[in-house]
Each structure stands twice: as C-alpha cells, then as structure tokens.
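Notes follow the structure.
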Amino acid sequence: MLLNLVFGFLTFRWLDALDILIVAILLYQLYNLVRGTAAINIFLGILSLYLLWLLVRALNMQLLGSILGQFIGVGVLALIIVFQQEVRRFLLLIGTTGFMSGKGSPFKWLQLKRNIGRDSLNINAVVSACLNMAQDATGAIIVISRESNLQFYLNTGEKVEAEVSAKLLESIFYKNSPLHDGAVIISGNHIKAARCVLPVTDDEEFPVHLGMRHRAAVGLSETTDAIAIVVSEQTGSISITHEGELEYEVSPKQLRDFLDKFFGKGA
C-alpha cells in the first residue's frame, strides 16, 4: 500500500526485486569481463543508451522512443558482434564453474565422462623443463588444455603428437630449433603441436615490461580455460596464466602446486 502511494501507478512485487538483483549481478559480471579492455567504453555507452531508452519510455516520449527503439531492436546482434570474445569468456565461465562443474553438480558426470581414458599430465617433466629453461634464460610458452577445444590454435602450428618429457620440451624451445618460436600445446600427457600462434590480450592495463609471450598467454586464457606457462627469455622468470589472470615470478614449487591443483590425480 505504501509503495503504491509513493510510486503512484507503479506496482512493485518481490519478483521485481529478484529481477533487478539478477540483472545487477549479470551486469556486474559483464563489467568485470570487459574492465581494463578497450571494450569497456563501448559497454558503458550501450548501457547508457539502454537506460536512456527506459527513461524515454517511462516518460512516453514517442518520437525519441521510436528512434532509440530501432537501436535497441538490433542490440543483441550488435552485442554479440562487438563483444565476441567477452561473450565467449562469459559462456566459458558459466560452463566451467559454478553449478555446471562444481562439487555436487548434476552435470559433473559429463566432465568425468570426457576425462575417461585421458592420460594424467607428467607434472614433473613440465616443472623440470621450465626450471632448466629458466636457468638458461630460454624463452618458452607452454599451453596445457583442459576442457576448451584448442583445435583452431593447434592448426596454426606443427603437429608433434609425442608424450610429454622434459628433454623434448627443452629441445623444442632451444633457440636454434625451428619450432622454438611459438607455443607448445599439451593435451592429456601428449604434446599435440608446437610453434602455435596464440591471440594476444588487448588489456590496456597489461604490464608494459612484459613481452609478447606473456601477452599471448593471457590472451589465450581470456578466451579459454587452458593453463599457460611462460618462461621469460629476458629474466628467466616463470609465469602462469589462468582465466585472464597472470602470476609471474613463481617458484618451481608454486608451479608444481598449481599444476597439481588442476592436473594432479586428485583433481
């Protein structure tokens, strides 16, 4: 009754409050996905345009409402085109976390089914190779796939199809090797391809002192759920990227613990 007196012709139910809360959460998640990228200005512009359209409709301004309505009518298609990478990350976030893959999830059996027959990653070999390359300041970028299909990036490189070993990884990234320039992609316990080309991040806040290997590693982790390890050619430091986040200058123990979390037998 009080709400009716305050808002006049408007009615407000608890479902409306739930509706607003869900929309606010979705907008916040979308903002987090585009924050720090060039897309943030486009996102804020579209959001402002939509809020203006809602205000115009509420004020019953026919002409302006009709004009803005034409833009809103194609808004979904425009959003998909403009925010292609961000939409991909958002759907990946839903598909790989939360109710789709969390503990007790009714969809967890789908992931277990996909993992049947997949060899466990030789974590010791990866850590040993990274440590040796770090000591020699040999630049490297190693991508380890999880659930995302990396076939597009595999097609950009040279097919290897060999079991993971420290010596093989070191020989691939040896500076005189024809395969050293690019990324190695590992799936299960097999090196699928080398010299692969990866997308680079367009994050405007990316640290300027880091090179293209780090940019490529972050760029891939922004659009897939893969793990990327980078060994710096300049400093010999080891970095890890996951879900668009970069952690650099990690120790061999930290690298081992990180890989064990995702690819260990208990993962």
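The values are calculated or read from the model by the stated rules, or taken from the named source; none is laboratory data. Keep in mind the model is a prediction, meaning the values are calculated, not measured. A quick note on method: Cβ atoms are made from the backbone with ideal geometry, for glycine too, and the neighbour counts reach across all protein chains shown.
Residues of region 131-166 that are of a type in the set (Gly, Ala, Ser), crowded, with 18+ Cβ neighbours inside 10 Å and touching an Asp or Glu at 6+ places or on another chain (Cβ under 7 Å): 139 alone.
What number of residues within region 177-186 satisfy the criterion of being crowded, with 21+ Cβ neighbours inside 10 Å and at negative phi? Adding up the residues that qualify gives 4. Scanning region 132-150 for residues that are in a loop (DSSP other than H, G, I, E, B) and farther than 15 Å from residue 211 by Cα yields 136, 145, 146, 147, 148, 149, 150.
Residues that are hydroxyl-bearing (Ser, Thr, Tyr) and over 21 Å from residue 122 (Cα atoms) number at least 1 in the following strands (runs of 3 or more DSSP E) confined to region 200-267: 245-248.
Please enumerate the residues belonging to region 160-199 that are in contact with a His (Cβ under 9 Å, 6 or more places away or on another chain), assigned to a strand (DSSP E or B), under 18 Å from residue 231 (Cα atoms) and aliphatic (A, V, I, L, M). Matches in region 160-199: 194 only. The single residue among 202, 181, 260, 225 that is in contact (Cβ under 8 Å) with a residue 12 or more places away in the chain, charged (D, E, K, R) and touching an Asp or Glu at 6+ places or on another chain (Cβ under 6 Å) turns out to be 225.
Yes/no per residue for (1) closer than 24 Å to residue 257 by Cβ; (2) of a type outside the set (S, T, N, Q); (3) assigned by TED's automatic domain parsing to the domain that holds residue 257:
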site	(1), (2), (3)
130	yes, yes, yes
159	no, yes, yes
202	no, yes, yes
205	no, yes, yes
215	no, yes, yes
222	yes, yes, yes
233	no, yes, yes
239	yes, no, yes
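Among residues belonging to region 48-83 that are within 21 Å of residue 31 (Cβ to Cβ) and modelled with pLDDT of 75 or more, point out the one that is surrounded by the most Cβ atoms within 10 Å (Cβ to Cβ). The residue in question is 53.
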